[in-house]
1. Only Cα pairs within less than 10 Å get springs; with that Gaussian network setup on the chain, which residue of Leu100, Leu57, Leu81 has the largest fluctuation?
2. Using only alpha carbon pairs under 8 Å that are at least six residues apart, calculate the relative contact order of region 67-136 and give it in whole percent.
3. Between Ala119, Ala31, Ala73, which gets the highest mean-square fluctuation from a Gaussian network model of the chain, Cα cutoff 10 Å?
4. With Cβ to Cβ distances under 11 Å as the rule, what net charge do the other residues near Thr80 carry (K, R +1; D, E -1)?
5. Tally Lys and Arg at +1 and Asp and Glu at -1 over the other residues with C-beta under 14 Å from the C-beta of Ala50: what net charge comes out?
6. Which of the three applies to region 85-131, rounded, prolate or oblate, going by the alpha-carbon gyration tensor with a ≥ b ≥ c and a/c under 1.5 meaning rounded?
7. Run lengths n ≥ 4 of DSSP H only: what is the helix-derived mean residue ellipticity at 222 nm for the chain, with -39500 (n - 2.57) per run over all residues, to the nearest 500?
8. Only helices at least 27 Å long along their axis, Cα-based, and averaging -0.5 or more on Kyte-Doolittle count here, so list those DSSP H runs from the chain.
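Bear in mind that the values in this text are calculations on the coordinates, not laboratory data. From a predicted model like this one, the values you see are computed outputs, not experimental measurements. Glycine also receives a Cβ, built like all others from the backbone with ideal geometry; neighbour counts cover every protein chain displayed.
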Amino acid sequence: MIALWSYRIGRAGLASLFLLGAINKLMNYAATLASMERVGLEPAPALLPAVIALEALGGAAVALGLRLAGPAAAALALFTLATNVAFHRFWELDGDLAALELSLFFKNVAIAGALCAIAAIEWQARARAIASQTIGSDPQKP
């Protein structure tokens with residue numbers, strides 16, 4: 001029981017990063033759009049609503065453990081890694097700024113790793129649920 005609640009709390013805590021990210025992007029839409037354009041993400045006006053939707057809907061699915069939590073966690077992991085390449089280019093910097101971006105880069109790698117673990121757990125749980133429904137059933141019966 002403790003493991004289950006620990007998993008639920010961890011899942012919700014990790015998902016809060018994306019839920020708050022979506023809210024922040026909505027509240028600071030113009031600044032976020034300018035930031036995306038500055039790093040060359042085009043077409044930023046089309047991408048930003050998609051990013052907000054992914055963070056909001058994916059974050060909610062992961063937080064609540066919905067049926068799509070596994071695919072949502074995987075999508076958020078890929079998104080997080082893509083964010084690294086676009087926004088945390090430590091290899092192009094020097095000094096303190098490079099150190100800061102390196103830290104942010106590997107923080108995101110850790111977040112992506114946790115999302116991959118959630119995706120694996122959720123997919124395994126779904127596979128077990130499907131298997132338990134089919135065990136003992138006779139495919140010849142109508």
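1. With Cα springs under 10 Å in the chain, the top fluctuation among Leu100, Leu57, Leu81 is at Leu100.
2. Numbers: 50 pairs, mean separation 30.7, N = 70.
Rounded, it is 44 percent for region 67-136.
3. Ala31
4. Numbers: positive: Lys107; negative: Glu55.
Surrounding charge for Thr80 is 0.
5. Numbers: positive: Lys25; negative: Glu42, Glu55.
Counting the neighbours of Ala50, the net charge comes to -1.
6. Numbers: a/c = 8.14, a/b = 4.61, b/c = 1.77.
It comes out prolate by the Cα gyration axes.
7. On the way: 6 runs with 111 residues, N = 142.
Computed ellipticity for the chain at 222 nm equals -26500 deg cm²/dmol.
8. Membrane-span-like by this rule: 2-27, 95-134.
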